[in-house]
Amino acid sequence: MVKAIQIRKTGGPAMMKWQDIDLPAPGPGEVQIKHTYVGLNFIDCYFRSGLYPLAGFPAVIGMEGAGVVEAVGPGVKNFRRGNRVAYAPNLGAYAQKRNIAAESLVKVPKKVSDKEAAAMMLKGMTTEYLIRRTYRVKRGDTVLFHAAAGGVGLIACQWLKHLGATVIGTVGSDAKARLAKRHGCDYAINYNKEDFKEVVMDVTNGKGVPVVYDSVAKTTFDKSLDCLRPRGIMALFGQSSGPVPKFNLGELGAKGSLYVTRPSLMAYNATRRELEASANALFDVVGSGAVKIKVNQTYPLKDAVRAHRDLEGRKTSGSTVFRV
């Protein structure tokens, strides 16, 4: 038998149970992975709580992981037993072992550890598409990045700095402000003490920024629009504070012909070619040392309830992984 964190109905962290599950041999086009580490992401809480729908119950959540190939199904040609692999985003990661489509996997290079891979695949490839494809950040750009001390935020601050951007970030405490600054954030704003719009306008001499990257949503959305320069882009890629309230699209015109997009990693890496290009860009920037993946919290997978409570209670920073 294989152990996994299962949920039988949506709700709070206590809905997750450490249980035995049956795992068949991998089917056609599938690979069976023995996880070494699994990543923890805020989207896991969305699925667990019911904010994002699940296909059925019992369900295993979790969107990224790393490990070793144990078996391959019929028709799989690019992977073999013993390969180190990683993936994101693919629901079902909170398990000791799992079967997954081979097309969803990438091989992990020697320069990246399993722990780093599990901590960075979803967050790192999210950063990649946001700053290279949703809005292609150029040297000299000034950008606003909310939750700069979070898992995506710390990767993004480093990568943005590597690209030559000036980074304005928001955080929830002075300690997180110091953490963000150590990772390349030029202006780390504690939103409990400062008005981020005022800081943005001061830094940009009243012009605003070309792009705002926002995974917070409800509590930041309106003011973030006011931080954009004419024809600027709001990239809304999460909603940790809740969904954006109903919004009159006419305001986008009044505020300067603004753009709002709700991108997702699934859409940006929808093809094998896109997945490989995104993963390779991430591996390259991490391998070069320009972006360092720091895992600030590690929990045994069986302690997923505690990990979710800590994440939702804003007790974590940076990347968090489960040890399997």
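The values are calculated or read from the model by the stated rules, or taken from the named source; none is laboratory data. Computed from a prediction, not measured in an experiment: that's the story for all the values here. Don't worry about glycine lacking a Cβ; one is built from the backbone with ideal geometry, like all the others, and counts go over all protein chains shown.
What the table shows:
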| quantity | calculated |
| --- | --- |
| In the range 89-122, residue surrounded by the most Cβ atoms within 10 Å (Cβ to Cβ) [restricted to those that are basic (Lys, Arg) and modelled with pLDDT of 95 or more] | Arg98 |
| Verdict on Val171 being in the same structural domain as Glu312 (by TED's automatic domain parsing) and touching a helix residue (DSSP H, G or I) at 6+ places or on another chain (Cβ under 7 Å) | no |
| Long-range neighbours under 7 Å by Cβ, at least six apart or interchain, first residue in the same structural domain as Ser104 (by TED's automatic domain parsing) and modelled with pLDDT under 95 within the range 66-85, second of a type in the set (A, V, I, L, M) and surrounded by 18 or more Cβ atoms within 10 Å (Cβ to Cβ) | Asn78/Ala102 |
| Qualifying position, being without any contact (Cβ under 8 Å) to a residue 60 or more places away in the chain and either of a type in the set (Val, Ile, Thr) or not assigned by TED's automatic domain parsing to the domain that holds Gly313 (or both), among Thr36, Thr10 | Thr10 |
| Residue list for the range 10-25, restricted to those being of a type in the set (D, E, K, R) and surrounded by 13 or more Cβ atoms within 10 Å (Cβ to Cβ) | Lys17 |
| Failed item, numbered, when Met1 is tested on (1) crowded, with 23+ Cβ neighbours inside 10 Å; (2) of a type outside the set (Phe, Trp, Tyr); (3) at pLDDT below 95 | (1) |
| Qualifying residue in the range 32-52 (condition: of a type in the set (Phe, Trp, Tyr) and part of a loop (DSSP other than H, G, I, E, B)) | yes |
| Filter result for the condition that a residue is without any contact (Cβ under 8 Å) to a residue 40 or more places away in the chain, of a type in the set (A, V, I, L, M, F, W, C) and surrounded by fewer than 15 Cβ atoms within 10 Å (Cβ to Cβ), over Phe247, Phe221 | Phe247 |
| Options Val152, Val171, Val137: the member that is surrounded by fewer than 24 Cβ atoms within 10 Å (Cβ to Cβ) and either at pLDDT below 95 or at negative phi (or both) | Val137 |
| Scan of the range 148-167 for residues that are among the hydrophobic types (A, V, I, L, M, F, W, C) and out of contact with any strand residue (DSSP E or B) (no Cβ under 7 Å at 6 or more places or on another chain), ordered by number | Val152, Ile155, Trp159, Leu163 |
